[in-house]
Amino acid sequence: MIEVDRLMIAEYGITLVQMMENAGRALALVARRRFLKDRLSGSRVLVMAGTGGNGGGAMVAARRLACWGAHPHLVLSRPADRMTPVPAHQLAILERMGIPRILPEQVGETVWDLIIDGLIGYSLSGRPRGTVADLIGRASDSAAPILALDTPSGLDVDTGKPFEPVIRATATLTLALPKTGLVAESAAEWVGELYCADISVPPEIYRKLDVNPGFSDIFAQGDIVRLS
């Protein structure tokens, strides 16, 4: 998937902003259709965002949900000045929209209708630590359903091995391809329902890498497909 991302940018000129917008829109749609449904207006959604691309996608989803009438609240895993440029751009949009930002210790003060996990993507190396680990614990203590973006934070997407702590997601929306670890038997209780979203990967990339070369054909069914 790292190579898929690289080729999209380097050979096709599909920018990270475009991919992030596609991911965030798909995430917001799963949140709306699967979890919030007729309770969308006024629903309280906690968006937990890391400082990289995964967090940026989650923040796009927060913007979309706010446009549809939900009340998202944002909590960051690190200070805003530690964000990479594209997620920082998404954060600036949310700030202009007046989306509330809370501290990790405030997570338990509200009863949430949904928690969105955008803390860590496929770049996880070792167990979560610091504020990320704290937020995983606080989300786990909540009774709210959890929707994870790309992978539940704390799960090794290569092996399906859960680190400690790890998000136990009600559903996971992965992007472009189902990572190997997400479909491992050991990962099922952490992944929950598994969906895959089209982020506009050119089919030639799948063929060039010979990684599920016909996989993109499933998106003829729709741009979000349930896999398990």
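Annotations
- Most simply put, region 2-226 has about 15% antiparallel DSSP beta bridges, counting only bridges with both residues inside it.
- Look at (1) 41, 24, 14; (2) 35, 19, 15; (3) 26, 19, 17: the one that is semi-axes √(5λ) of the Cα gyration tensor in Å derived from this structure is (3).
- Nitroxide proxy distance, nm - points 7 Å out along Cα→Cβ at LEU103 and SER142: 1.8
- On Cα atoms only, tilt of 16-30 relative to the major axis of the chain in degrees: 70
- Taking all Cα pairs closer than 8 Å and separated by 6 or more residues, the relative contact order of the chain comes to 17 percent.
- If R0 is 30 Å, the Cβ-Cβ spacing of VAL111 and ALA80 corresponds to a FRET efficiency of close to 0.70.
- Label separation (GLU11 vs THR180): 2.1 nm, computed from points 7 Å beyond Cα along the C-beta direction.
Only the coordinates and a few stated rules stand behind these numbers; no lab work does. Everything numeric here is computed off the predicted structure, so don't read it as measured data. Virtual Cβ from ideal backbone geometry, glycine too; neighbours counted across all protein chains shown.
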